[in-house]
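**Student:** First the structure, which I've put down as structure tokens, then a few questions once you've had a look.
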Amino acid sequence: MAMRKVSRRELLQATGAAGGLLALGVYVPGCQQRPSPGNVGSTGFKPNVFVAFDASGDVTITVSRSEMGQGVRTSLPRIVADELEADLARVSLKQSIGDPIYGDQNTDGSKTVRMMFTPLREAGAAARNLLEQAAADTWGVPIDEVTARNHGVEHGATGRRIEYAELLNAAAEMPLPASLRLKDPAEFRYIGRSATGVDNEAIVTGAAIYGYDFTLPGMKYACVARAPVFDARIRDYDPATGLAVPGVSALCHIPHTAHTPEFVPQEGIAVVADSSWAAIRGRDALVVDWDLGANADYNTADYRRELAESVRSPGTVHRSAGNVEAGLAAEGTLLEATWETAMLAQAPMEPPVATAWVHENGDCEIWGSIQDVQDTQRLVGLWLGIDPSRVRVQATLLGGGFGRKSQTDYVFEAVEASRQAGGPVKLIWTREDDIRHCYYHSEAVQLMRARLGEDGLPTGWLMRAAYPTIDWMFQAGREEPMDWELGMGWTNMPFEVPNFSIEGCRARVPIRIGWLRSVCNVWHAFSINGFVDEMAAAAGEDPVAYRLRLLGKDRTFDAPNEPQDPMESFNGTTVDTGRYRRVLQFLAERTDWGKPLPEGHYRGIAVHNSFYSYTASVVEIAVQPDGSFRIVSVDTAVDCGRIVNPDGVTAQVEGATIYGLSIALHGELTASEGRVQQSNFSDYRILRIHEIPGIIRAHLVESDAPPSGIGEPPTPVIAPALASALHAASGRRYRRLPLLADWNASRGQ
């Protein structure tokens with residue numbers, strides 16, 4: 001971390017304050033420091049993490065990550081305020097724009113608190129240390145005799161207290177401390193204590209501004225006619241069919257972009273109109289002749305068979321030990337099974353939306369539901385051929401993201417419509433647009449093969465996976481899983497096996513592929529937990545006891561093929577089998593695993609490590625007289641290191657549980673002749689209120705480890721835990737998602 005001391009004159013110019021003022025700019029590693037302009041009075045001072053006191057002593061904290069329900073606008077300021085010893089009643093928030101001075105602003109990968117916890121603590125501590133030194137100098141006492149407390153500094157020996165506002169002039173003249181005095185965690189006032197979301201009142205009263213709420217005077221609306229098949233091209237279109245709709249004012253061509261596409265849109269026609277209704281009607285009326293191209297033969301059934309054939313042959317080895325062929329040829333029980341998972345859409349409750357204004361001078365302003373404002377700034381600059389500093393990107397609140405709003409094709413559509421229409425344009429997606437044109441979580445097929453020795457443990461274990469890589473967006477020709485994808489639960493699996501091979505197999509890309517909540521962990525947790533359950537059954541052991549034995553001795557090892565820089569690693573630089581063991585034992589104890597259940601009730605368990613965290617779930621079901629089942633309860637234990645806001649973590653577990661159950665029970669998209677068949681929540685089901693378990697419990701493991709991911713890790717364990725419960729109820733193995741279809745098929749429905 002590098003810190004810049006800002007002169008008192010600069011800050012007085014920046015704010016126009018008449019009295020003393022203190023501000024501190026803190027830069028996270030890898031960010032750029034922009035020189036202060038000569039006259040900062042009109043632009044303000046924009047450091048990475050901005051902590052500023054005004055003359056009254058009130059504090060403004062800038063939040064540089066997007067808020068999409070995960071609580072960063074609540075948690076991040078509490079980290080700063082705790083080290084600052086600020087009175088939260090005197091703290092206000094400012095949402096940052098996209099700018100390299102903030103370092104990484106990608107609100108994705110369950111990394112915000114993990115990456116920013118220490119820099120934000122240091123930001124608050126540096127300001128507090130300056131104020132404490134100013135108080136010590138004022139009283140002529142040693143620094144170790146004074147203590148900051150609740151927006152002031154106290155001298156314990158004499159009982160004197162001086163408010164922060166009275167120290168600002170002196171503190172502003174001091175050099176930054178050579179070293180920081182951080183709080184002992186035992187002294188935390190806000191970190192580790194539950195807090196109500198700072199935006200809750202605005203959300204429940206309708207005052208909160210989401211992307212769909214944002215408006216500008218004179219703004220037009222736009223909706224895009226997009227190709228029904230991935231990578232199709234426009235042969236021709238009839239402008240009169242769209243322009244004939246009342247209210248439609250312009251048609252704007254969204255150009256085709258050759259691979260690698262990154263996040264730019266597919267070719268299409270943006271219909272610009274006076275209202276959203278007119279834009280949608282104009283888009284629907286527009287007649288376009290499409291050249292459907294090579295992907296028009298894509299259908300999910302054939303593609304699934306293609307993936308299944310791919311895993312029958314050796315793939316690229318990403319992690320191995322010993323001699324897997326010898327291990328599989330040994331004496332003992334041979335097990336083999338294949339897991340299949342369906343194509344999914346992220347389906348956030350608020351579909352993609354952005355408002356753009358390309359001004360006459362070429363500058364561009366953007367407002368919308370965006371997970372990475374800074375990368376959007378960079379990419380739009382490239383799209384328009386201007387310096388990114390001329391692109392201003394402001395995130396509104398997001399009505400859910402789940403990875404979809406990191407992929408900003410919809411922003412480019414808004415920018416292009418504004419550029420061609422000559423004014424501000426809000427570009428909207430309907431639910432049907434979102435289901436049929438998103439960046440999909442693709443189908444996957446995974447093969448498991450193992451030989452169990454006399455002790456019931458595997459002497460050899462072969463793991464193969466075939467699914468299209470997300471890296472196709474960035475590098476043409478990629479047609480098999482990458483290291484970082486297999487690192488999400490496969491190559492970093494914690495079990496001690498003497499001979500194993502973990503392989504990625506070929507899978508072409510017939511449709512747009514992108515991130516979805518928990519990404520590849522959804523596939524990997526499903527297959528690994530399912531196969532471990534099958535090995536446990538073959539060994540005649542309880543699945544919890546078997547997992548504990550399969551782990552071997554507690555150990556920590558480097559995650560294979562993973563960047564060892566924590567700032568660059570999504571999955572975790574190391575694997576700690578002790579933490580895996582503890583979260584499993586913790587949940588088994590909390591749920592009285594092994595206790596007799598009421599008649600007709602069954603349970604399953606799963607455990608997984610992802611995004612630096614360790615998570616386990618127990619799902620209990622009750623089979624009904626008609627053969628259906630209901631989910632009685634879901635208990636999830638999480639070890640996500642030190643927790644900033646326990647209530648926020650509990651909310652994330654609850655939300656991830658519902659998201660995971662949606663995937664497990666219903667999540668499936670199908671394609672025929674290159675076209676996605678589903679279009680809305682009527683045929684792409686998410687969990688409905690009557691299906692939500694009556695009990696969802698979050699069990700938080702106390703830990704002094706650094707904070708780790710929480711938004712995504714509780715999702716992958718839900719499907720395998722439910723599949724395990726269904727097996728307990730029926731005796732059948734469930735190896736295909738979604739599970740409800742297989743359950744009903746087994747009952748002849």
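The values are calculated or read from the model by the stated rules, or taken from the named source; none is laboratory data. What you see is a predicted model, and the numbers here were worked out from it, not measured in a lab. We place every Cβ from the backbone using ideal geometry, glycine too, and count neighbours over all the protein chains shown.
**Student:** Report yes if some residue within segment 351-369 is surrounded by fewer than 21 Cβ atoms within 10 Å (Cβ to Cβ), polar (S, T, N, Q) and not assigned by TED's automatic domain parsing to the domain that holds residue 535; otherwise report no.
**Tutor:** yes
**Student:** Same structure again: Select, from 79, 101, the only residue that is out of contact with any helix residue (DSSP H, G or I) (no Cβ under 9 Å at 6 or more places or on another chain), assigned to a helix (DSSP H, G or I) and either modelled with pLDDT of 95 or more or not polar (S, T, N, Q) (or both). Walk me through how you get there before you give the answer.
**Tutor:** Working: 79 fails: out of contact with any helix residue (DSSP H, G or I) (no Cβ under 9 Å at 6 or more places or on another chain).
Testing whether each residue is out of contact with any helix residue (DSSP H, G or I) (no Cβ under 9 Å at 6 or more places or on another chain), assigned to a helix (DSSP H, G or I) and either modelled with pLDDT of 95 or more or not polar (S, T, N, Q) (or both) leaves just 101.
**Student:** Can you tell which of 234, 254 is within 27 Å of residue 371 (Cβ to Cβ) and either crowded, with 16+ Cβ neighbours inside 10 Å or under 28 Å from the mean Cα position of the chain (by Cα) (or both)? Let's see the steps before the verdict.
**Tutor:** On the way: 234 fails: within 27 Å of residue 371 (Cβ to Cβ).
Criteria check complete, one pass: 254.
**Student:** Of the residues 326, 354, which single one is part of a helix (DSSP H, G or I) and either among the β-branched types (Val, Ile, Thr) or touching a residue at least 40 places away in the same chain (Cβ under 8 Å) (or both)?
**Tutor:** The match here is 326.
**Student:** With the requirement that a residue be surrounded by 24 or more Cβ atoms within 10 Å (Cβ to Cβ) and either in a loop (DSSP other than H, G, I, E, B) or in contact with a Cys (Cβ under 9 Å, 6 or more places away or on another chain) (or both), what does segment 50-66 give you?
**Tutor:** The answer is 64, 65, 66.
**Student:** Next up: Please go through segment 631-660 and give me each residue that is out of contact with any Pro (no Cβ under 8 Å at 6 or more places or on another chain) and either under 26 Å from residue 342 (Cα atoms) or free of Cβ contacts under 8 Å to residues at least 24 places away in the same chain (or both), ordered by number. Before you say what the answer is, go through the steps one by one.
**Tutor:** Our first condition is that a residue be out of contact with any Pro (no Cβ under 8 Å at 6 or more places or on another chain); within segment 631-660, this holds for 635, 637, 639, 645-651, 654-655, 658-659.
Matches in segment 631-660: 635, 654, 655, 658, 659.
**Student:** Would you confirm whether or not segment 560-571 contains a residue that is more than 19 Å from the chain's Cα centre (by Cα) and hydroxyl-bearing (Ser, Thr, Tyr)?
**Tutor:** Looking through segment 560-571, none of the residues is more than 19 Å from the chain's Cα centre (by Cα) and hydroxyl-bearing (Ser, Thr, Tyr).
**Student:** Taking the stated definitions as given, is residue 331 under 30 Å from residue 539 (Cα atoms), of a type outside the set (Lys, Arg), part of a loop (DSSP other than H, G, I, E, B) and more than 30 Å from the chain's Cα centre (by Cα)?
**Tutor:** yes
**Student:** Among the residues that make up segment 557-564, is at least one of them closer than 23 Å to residue 113 by Cβ, surrounded by 15 or more Cβ atoms within 10 Å (Cβ to Cβ), modelled with pLDDT of 95 or more and in contact with a strand residue (DSSP E or B) (Cβ under 6 Å, 6 or more places away or on another chain)?
**Tutor:** No, segment 557-564 contains no residue that is closer than 23 Å to residue 113 by Cβ, surrounded by 15 or more Cβ atoms within 10 Å (Cβ to Cβ), modelled with pLDDT of 95 or more and in contact with a strand residue (DSSP E or B) (Cβ under 6 Å, 6 or more places away or on another chain).
Each row is one residue, and each column tells you yes or no for (1) surrounded by 24 or more Cβ atoms within 10 Å (Cβ to Cβ); (2) touching a helix residue (DSSP H, G or I) at 6+ places or on another chain (Cβ under 9 Å); (3) among the hydrophobic types (A, V, I, L, M, F, W, C); (4) within 30 Å of residue 596 (Cβ to Cβ).
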position: 646; (1), (2), (3), (4): no, no, no, no
position: 681; (1), (2), (3), (4): no, yes, yes, no
position: 689; (1), (2), (3), (4): no, no, yes, no
position: 703; (1), (2), (3), (4): no, yes, no, no
position: 719; (1), (2), (3), (4): yes, yes, yes, yes
position: 724; (1), (2), (3), (4): yes, yes, no, yes
position: 728; (1), (2), (3), (4): no, no, yes, yes
position: 746; (1), (2), (3), (4): no, yes, no, yes
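**Student:** Further question on the same structure: Would you confirm whether any residue within segment 505-512 is among the small types (Gly, Ala, Ser), within 18 Å of residue 259 (Cα to Cα), in the same structural domain as residue 569 (by TED's automatic domain parsing) and free of Cβ contacts under 8 Å to residues at least 24 places away in the same chain? Break it down into steps so the answer makes sense when it comes.
**Tutor:** We begin by selecting, within segment 505-512, every residue among the small types (Gly, Ala, Ser); these are 507.
If we keep only those that are within 18 Å of residue 259 (Cα to Cα) as well, we get 507.
Checking the rest, the ones that are also in the same structural domain as residue 569 (by TED's automatic domain parsing) come to 507.
After this cut, where a residue has to be free of Cβ contacts under 8 Å to residues at least 24 places away in the same chain as well, the list is none.
Looking through segment 505-512, none of the residues is among the small types (Gly, Ala, Ser), within 18 Å of residue 259 (Cα to Cα), in the same structural domain as residue 569 (by TED's automatic domain parsing) and free of Cβ contacts under 8 Å to residues at least 24 places away in the same chain.
**Student:** If I ask for residues that are of a type in the set (Ser, Thr, Tyr) and either exposed (fewer than 12 other Cβ atoms within 10 Å of the Cβ) or within 26 Å of residue 644 (Cα to Cα) (or both), which ones from segment 195-214 would you list? Even if it seems obvious, please write down each step before you answer.
**Tutor:** Looking only at segment 195-214, we keep the residues that are of a type in the set (Ser, Thr, Tyr), and these are 196, 205, 210, 212.
Once the filter is applied, which keeps residues that are of a type in the set (Ser, Thr, Tyr) and either exposed (fewer than 12 other Cβ atoms within 10 Å of the Cβ) or within 26 Å of residue 644 (Cα to Cα) (or both), segment 195-214 yields 196, 205, 210.
**Student:** Sticking with this structure for a sec: So residue 392 ticks every box in (1) basic (Lys, Arg); (2) touching an Asp or Glu at 6+ places or on another chain (Cβ under 8 Å); (3) assigned to a helix (DSSP H, G or I) but one. Which box is left unticked?
**Tutor:** Status for residue 392: all satisfied but (3).
**Student:** Test residue 534 against the criterion of being in contact (Cβ under 8 Å) with a residue 40 or more places away in the chain, touching a Lys or Arg at 6+ places or on another chain (Cβ under 6 Å) and not assigned by TED's automatic domain parsing to the domain that holds residue 265, and give yes or no.
**Tutor:** For residue 534, the condition - in contact (Cβ under 8 Å) with a residue 40 or more places away in the chain, touching a Lys or Arg at 6+ places or on another chain (Cβ under 6 Å) and not assigned by TED's automatic domain parsing to the domain that holds residue 265 - is not met.
**Student:** Further question: Within the set of pairs 6+ apart or on separate chains, which have a first residue in segment 578-602 that is farther than 23 Å from residue 495 by Cβ, a second that is at pLDDT 95 or above and part of a helix (DSSP H, G or I), and C-beta atoms under 8 Å apart?
**Tutor:** Taking only residues 6 or more apart or on different chains, the pairs are 602/725; 602/726; 602/728; 602/729.
**Student:** Take the residues in segment 495-522 that are at pLDDT 95 or above and part of a strand (DSSP E or B); name whichever of them is farthest from residue 548 (Cα to Cα).
**Tutor:** 505
**Student:** What single numbered condition from (1) outside the structural domain of residue 311 (by TED's automatic domain parsing); (2) more than 20 Å from residue 349 (Cα to Cα) fails to hold for residue 447?
**Tutor:** Residue 447 satisfies every listed condition except (1).
**Student:** Can you find a residue in segment 565-572 that is free of Cβ contacts under 8 Å to residues at least 40 places away in the same chain and surrounded by fewer than 19 Cβ atoms within 10 Å (Cβ to Cβ)?
**Tutor:** yes
**Student:** Within the group 748, 694, 731, which residue is more than 19 Å from residue 586 (Cα to Cα) and modelled with pLDDT of 95 or more?
**Tutor:** Testing whether each residue is more than 19 Å from residue 586 (Cα to Cα) and modelled with pLDDT of 95 or more leaves just 731.
**Student:** Looking at this structure, is residue 663 under 28 Å from residue 111 (Cα atoms), outside any loop (DSSP other than H, G, I, E, B), of a type in the set (A, V, I, L, M, F, W, C) and free of Cβ contacts under 8 Å to residues at least 40 places away in the same chain?
**Tutor:** For residue 663, the condition - under 28 Å from residue 111 (Cα atoms), outside any loop (DSSP other than H, G, I, E, B), of a type in the set (A, V, I, L, M, F, W, C) and free of Cβ contacts under 8 Å to residues at least 40 places away in the same chain - is not met.
**Student:** Here's something else I'd like to know. Report whether or not residue 603 is assigned to a strand (DSSP E or B), basic (Lys, Arg) and assigned by TED's automatic domain parsing to the domain that holds residue 700.
**Tutor:** Considered against the rule, which asks whether it is assigned to a strand (DSSP E or B), basic (Lys, Arg) and assigned by TED's automatic domain parsing to the domain that holds residue 700, residue 603 comes out as yes.
**Student:** Quick check on my filter: what residues within segment 627-640 are surrounded by fewer than 23 Cβ atoms within 10 Å (Cβ to Cβ) and not hydrophobic (A, V, I, L, M, F, W, C)? Quick ask: steps written out before the conclusion?
**Tutor:** Step one: filter segment 627-640 for residues surrounded by fewer than 23 Cβ atoms within 10 Å (Cβ to Cβ), giving 627-630, 632-633.
Selection gives 627, 628, 630, 633.
This table checks each residue for (1) acidic (Asp, Glu); (2) loosely packed, with under 13 Cβ neighbours inside 10 Å; (3) over 16 Å from residue 83 (Cα atoms); (4) within 35 Å of the chain's Cα centre (by Cα).
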{"site": "137", "(1), (2), (3), (4)": "yes, no, yes, no"}
{"site": "141", "(1), (2), (3), (4)": "no, no, yes, no"}
{"site": "148", "(1), (2), (3), (4)": "no, no, no, no"}
{"site": "162", "(1), (2), (3), (4)": "no, no, yes, no"}
{"site": "165", "(1), (2), (3), (4)": "no, no, yes, no"}
{"site": "169", "(1), (2), (3), (4)": "no, no, yes, no"}
{"site": "183", "(1), (2), (3), (4)": "no, no, no, yes"}
{"site": "188", "(1), (2), (3), (4)": "no, no, no, yes"}
{"site": "192", "(1), (2), (3), (4)": "no, no, no, yes"}
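**Student:** Is it true that some residue in segment 686-699 is of a type outside the set (Ser, Thr, Tyr), within 30 Å of residue 296 (Cα to Cα) and assigned by TED's automatic domain parsing to the domain that holds residue 562?
**Tutor:** Yes, the conditions are met somewhere in segment 686-699.
To keep it simple, each residue is scored yes or no on (1) of a type in the set (D, E, K, R); (2) over 25 Å from residue 55 (Cα atoms); (3) out of contact with any His (no Cβ under 7 Å at 6 or more places or on another chain).
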{"residue": "78", "(1), (2), (3)": "yes, no, yes"}
{"residue": "111", "(1), (2), (3)": "yes, yes, yes"}
{"residue": "124", "(1), (2), (3)": "no, no, yes"}
{"residue": "129", "(1), (2), (3)": "no, no, yes"}
{"residue": "144", "(1), (2), (3)": "yes, yes, yes"}
{"residue": "165", "(1), (2), (3)": "no, no, yes"}
{"residue": "178", "(1), (2), (3)": "no, yes, yes"}
